[in-house]
1. For the stretch A:195-216, how many residues are crowded, with 16+ Cβ neighbours inside 10 Å and away from chain B (no Cβ under 13 Å)?
2. Please state which of the following conditions residue B:103 fails to meet, knowing it meets all the rest: (1) closer than 30 Å to residue A:91 by Cα; (2) assigned to a loop (DSSP other than H, G, I, E, B); (3) open to solvent by less than 60 Å² (accessible area, probe 1.4 Å); (4) modelled with pLDDT under 75.
3. Restricting the search to the stretch A:136-184, which residues are of a type in the set (Ser, Thr, Tyr), out of contact with any Asp or Glu (no Cβ under 9 Å at 6 or more places or on another chain) and in a loop (DSSP other than H, G, I, E, B)?
4. Please work out if residue A:57 is within 14 Å of chain B (Cβ to nearest Cβ) and either among the hydrophobic types (A, V, I, L, M, F, W, C) or open to solvent by 20 Å² or more (accessible area, probe 1.4 Å) (or both).
5. I need every pair where a residue in the stretch A:234-257 that is over 20 Å from residue A:143 (Cβ atoms) has its Cβ under 7 Å from the Cβ of a residue that is surrounded by 11 or more Cβ atoms within 10 Å (Cβ to Cβ), sequence separation at least 6 or different chains.
6. Just checking, how many residues over the stretch A:168-194 are more than 10 Å from chain B (Cβ to nearest Cβ), of a type in the set (A, V, I, L, M, F, W, C) and open to solvent by 50 Å² or more (accessible area, probe 1.4 Å)?
7. Check every one of the helices (runs of 4 or more DSSP H) wholly within the stretch B:1-77 and list those with 1 or more residues that are at pLDDT 55 or above.
8. Quick check on the stretch A:84-93: of everything there that is open to solvent by 30 Å² or more (accessible area, probe 1.4 Å) and away from chain B (no Cβ under 14 Å), which residue is farthest from residue A:54 (Cα to Cα)?
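The values are calculated or read from the model by the stated rules, or taken from the named source; none is laboratory data. Please read these numbers as outputs of a predicted model, since none were measured by experiment. Note that each Cβ is placed from the backbone with ideal geometry, even for glycine, and that neighbours are counted across all protein chains shown. For the accessible areas, the whole protein counts, side chains as well, though only heavy atoms, and no ligand, DNA or RNA atoms are used. Shrake-Rupley method; radii C 1.70, N 1.55, O 1.52, S 1.80 Å.
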Amino acid sequence: ATMWTDSVMLAGLTLTAIFVSHTAGVSAPGRPRLTGCRSPEKETFTCWWEPGDDGGLPTTYALYYHLEGSETVYECPDYRTAGKNSCFFSKNNTSLWVNYNISVVATNAMGSSVSEPVDVDVVYIVQPNTPEDVRVLVVDDDPGPYLHVSWEKPLAADTQSGWITLVYQLRVKETSQDTWEEYNAGMQKGYNIFSLLSGREYAVQVRCKPDHGFWSEWTSPAYVQIPDYMLREHSMWIIVAVFAGFLLFVLTWTVNVKRSSVKHCLLPPVPGPKIRGFDPHLLKSGRSEEMFSALVTQHFPPTSSYDDLLVEYLEVYDVEKQELVLGVKNEDPLAPTRTSDNDSGRGSCDSRTLLTERYAEDGDKGGADRQLGQCVAELASPPLEEEKVEAWSTPFSPPPLHLQRQQVGGARAAYHSVLEIPCDSPCAPGSYGHQGESDISKPGGRGASTTLAEPQAQSAEYVEVQTVDHENVLLLRPLADPGGPDVDYAGEDYSKIRDVIPDNVLLLQREPSAWPCAADPGQDRGERSCPTALQELMQPCKPPGPLQQGLRLVANGYVDASAMLC
Amino acid sequence: INRQAVLIQACLLCLLRGSVALPLNCADESSSPVPCTSISQDKLLDRVTQHAEFIYRITEEVCNQYEELYIPYPLRGLKNQGGGTCTSMSFPNLGSKTEIQQISDMRLLHYMLILAQSWVEPLTYLQSSLKNNDHAPDTLVSQLKWVSDKLTRLEQGVVLLISMEEGGAAPPPAALQQALSEPQLGVPDSIFHEYNSLMCLKKDAHKMETLLKLLKCRQTDRLSCTL
């Protein structure tokens, strides 16, 4: 009964104690744990443990071991040498090829706890210390410098007696990179590293391992700087490159100097049109006057003497005849009028080619011009519709140069036609003109004399074109009538312009009332009988009135033709 | 990875078997050790040491394989489940460097000879035991066979070395031989029996290798020792 009560009391006390301890926050320590054991030289070894929960009370730890096949338990001989929570086994306490059964006990006021036991055989836990005295040397050599790394064995390891054999390993890395290059050095204590980049900094580390065991830790890195060097191949290439660059420079300079000739050789210039006497540089200068003046040859354009160039005759026709002529011209310019009569020269007007033929035939410089002049007159005579005028004008394009000195635009010849209205009125040439005196005085021009068509009906009278002044006014002079009487043309005869047909054709008008008909002693013409066929034609003629625009009306009705050209 | 390297090395060793076996030709022809003058002592010692190294590597490989196959992780490394030691207590366990350095070369050779001889039978038994268990892979059995062969040659080499030593072919002291009793490896034919057996073999192979290396550095002035 007492036993029973004792045990009950004991249980109760234990429970109370546990309860109290839990409420107070203290308890027996938790189980410690052996983390590992290591032997650096196969002669001693150290074990470390990790304490568990200390239960809120100061806890002590003790390590106990026993050898295999023996029951004797020994406690750790040295807790201090290896640091906290460790046990150091000296040489006397270390036996190889024997298992140690080791456990750690944690004890505090509340109780104790034991770790899991661990079996250790010292020969299998060998991990040497790091190698000693790592040195790195930069050695200059022919292609480039190399590194010579040297080190010593860890202090405690006894390799000399052969008790422990160590193999070494080293690794190299450029300080800016991340990857290491590893080399196995075997049992030797030196190593050469080649093919390193110039100018870079490298870090070297060494470690070792026993023949059966664990690798040691790496030594702290040794830094070394590779000096700048130039590979022989590189310097050779640099020399080659410099030389080539120099050659290239010389070549380029030569080409540059001989630029034009090279260009001429490679890209031969396309021959352009050349006009004799034409200087393209003057074009560039932008002064057209000079340029054109350069074109002016000795004989061109004729400024003073038009005599041999210009038309000698002006053939003036009757309106009807002209109509015929014109009509023929319209239909077939070439065929029917090929046959030409010498006196009129009309045939030449019909075709340009014919004209040139005639020119060739005649061999006379003035011949063709003569013909042209005649054509001019013909063109001028009746008021034509525009097409007809154009039809006439086409064979004459391009216009003869000597007549068209200042042709503005267009292929059409700007003819300055002097309309001669055949007049059968007794209008003596000499008696006209007072009405229409104009200041035709032009520089270099003689007195203009215009001859009107002889009032002799149906007969043509000829005038001689004296000059063409710079304002494109034909200055005519009546030819001396071989058969007729010598007419006194002291005066000047003028024609009054009636109208201007849009193709620069002047319509001259004879004002019956105004024109003094000079009395021709040999002729009897009635003043009033100068109705012009023209007038008849031009039924819807405008009364003489204000002239068309652009014409400067000179006092007596003459037109400054130059204005029309503009 | 380490094991694979060891395996590859073992295969290479198998190929080199002929060259390794060369120096021991003299001893093959007769059971009693005949002094063979065809090979120098240094070379012979080198070859014997190589044998010991190979034996250890292959045994380690076998043990690791066996552990992976049959031994649960918490029990690994724990030898002697069910009691027993590799060697009896009376047999001197040369467990420290100081202890070993006090022993003469001849005595070391004798020690190694006994150790090697003690494993010939257990190895045979181990092989048959593994063969009987159908679960054991063929590689294990073949490797054990290889170890057994190499151990025999090592024994012969040690015998030669003893004969080359001063003192002639004196047999090992009987006391030593008697001290070496049958290791108590637990219940026969059990997994732990096999496992313990292998572990003990590995340990003894390591011991022999270490002793031979010591002997090598003692007897010759080799660069590998002085450096």
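1. The qualifying residues number 8.
2. (4)
3. Within the stretch A:136-184, A:159, A:161, A:179 meet the criteria.
4. No.
5. A:255/A:262
6. Count: 2.
7. In the stretch B:1-77, the matching helices (runs of 4 or more DSSP H) lie at B:2-15, B:41-70.
8. Among residues in the stretch A:84-93 that are open to solvent by 30 Å² or more (accessible area, probe 1.4 Å) and away from chain B (no Cβ under 14 Å), the one farthest from residue A:54 (Cα to Cα) is A:88.
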